[in-house]
1. Restricting to segment 147-167, give me the number of residues that are surrounded by 15 or more Cβ atoms within 10 Å (Cβ to Cβ), more than 12 Å from the ligand (Cβ to nearest atom) and in a loop (DSSP other than H, G, I, E, B).
2. Any idea which of (1) surrounded by fewer than 18 Cβ atoms within 10 Å (Cβ to Cβ); (2) touching a Phe, Trp or Tyr at 6+ places or on another chain (Cβ under 8 Å) is the one Val61 doesn't satisfy?
3. Can you spot a residue in segment 68-81 that is over 19 Å from Gln8 (Cβ atoms), out of contact with any strand residue (DSSP E or B) (no Cβ under 9 Å at 6 or more places or on another chain) and modelled with pLDDT under 95?
4. What number of residues in segment 179-207 are at pLDDT 90 or above, assigned to a loop (DSSP other than H, G, I, E, B) and under 15 Å from Asp158 (Cβ atoms)?
5. Name the one entry in His234, His219 that is surrounded by fewer than 19 Cβ atoms within 10 Å (Cβ to Cβ) and farther than 28 Å from Gly51 by Cα.
6. Which members of segment 1-55 meet the condition of being over 15 Å from the mean Cα position of the chain (by Cα), polar (S, T, N, Q) and not in a helix (DSSP H, G or I)?
7. Contact list please: Cβ distance under 9 Å, first residue in segment 173-201 and at positive phi and within 16 Å of the ligand (Cβ to nearest atom), second residue in a helix (DSSP H, G or I) and at pLDDT 95 or above, pairs at least six apart or on different chains.
8. Which ones in segment 125-146 are within 16 Å of the ligand (Cβ to nearest atom) and in a strand (DSSP E or B)?
Amino acid sequence: MPAMNDEQLLRYSRHILLDDLGIEGQTRLLQSRALVIGAGGLGSPVALYLGTAGVGRITLVDHDTVDLTNLQRQIAHRLSRLGQPKAESARQSIAALNPDIEVRAMCRRADAASLDAWVAETDVVLDCSDNFATRHAVNAACVRHRKPLVSGAAIGFDGQISVYDSRDPEAPCYGCLFPPGTAFEEAACATMGVFAPLVGIIGTMQAAEALKLLAGVGHSLAGRLLMLDGRAMHFDEVRIARQPACPVCGGEARRS
Ligand SMILES: [Zn+2]
């Protein structure tokens, strides 16, 4: 394990002071790779916190460009970067805070083939996307490659977050809870609206779960779905079980 230099020891000192983390945990973060799908409302705090916390390599995926309507909540972007690709804009924001780490901006859609390649070479995946098609493609790649998935969603005043960790044979995948092919109502911020700090709350929790998984701190949300009612600022927690018949992780799919 290469030793941290003096500047790193200073930069990450408030992490190193944590008994649960220490130099070992911080070194693990510096050697870790994270894949972030979506550089919007959830992806912004995710990208910024993974960056400031020193995750060694971050891959940001987003096909969209920065728009004025994004700036109400997508805090990784800037007025000066309207029209620029979101992944590149978020990369610049991380670089301005922490040039110590490698950030790769993928300004394209996350399709099955590219996800397969990206997920294979990462340690944790954060789904910060806004549609079921992408969520299912990300989940399928995570199950295939046995990579932990930190999944968040936010719309209106409601948010939810969980961890789907297919390294654990008992843990459910995203498809166990939301079977692919089931018609769920697709809610878009563009039509429904979203309370600005809500994406910050959920995205920040996603970053926390990813950092815990990478550093080996505490225990994750795997098997638990947290649902936030932002109007009452009330969290509900439901246990979610693995479905043996799940078309994504069930039976042969899990064993093969
Ligand atoms: Zn499943």
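1. 3
2. The number of the failed condition is (1).
3. No - not one qualifying residue is present in segment 68-81.
4. Qualifying residue count, segment 179-207: 2.
5. Just a single option satisfies the conditions, and that option is His234.
6. Listed by number, the residues that qualify are Asn5, Gln31.
7. These pairs meet every condition: Gly181/His136.
8. Across segment 125-146, the qualifying residues are Val125, Asp127.
The values are calculated or read from the model by the stated rules, or taken from the named source; none is laboratory data. Quick caveat, the model's predicted, so the values are computed rather than measured. Quick reminder, even Gly has a Cβ in these numbers, built from the backbone with ideal geometry, and neighbours come from all protein chains shown.
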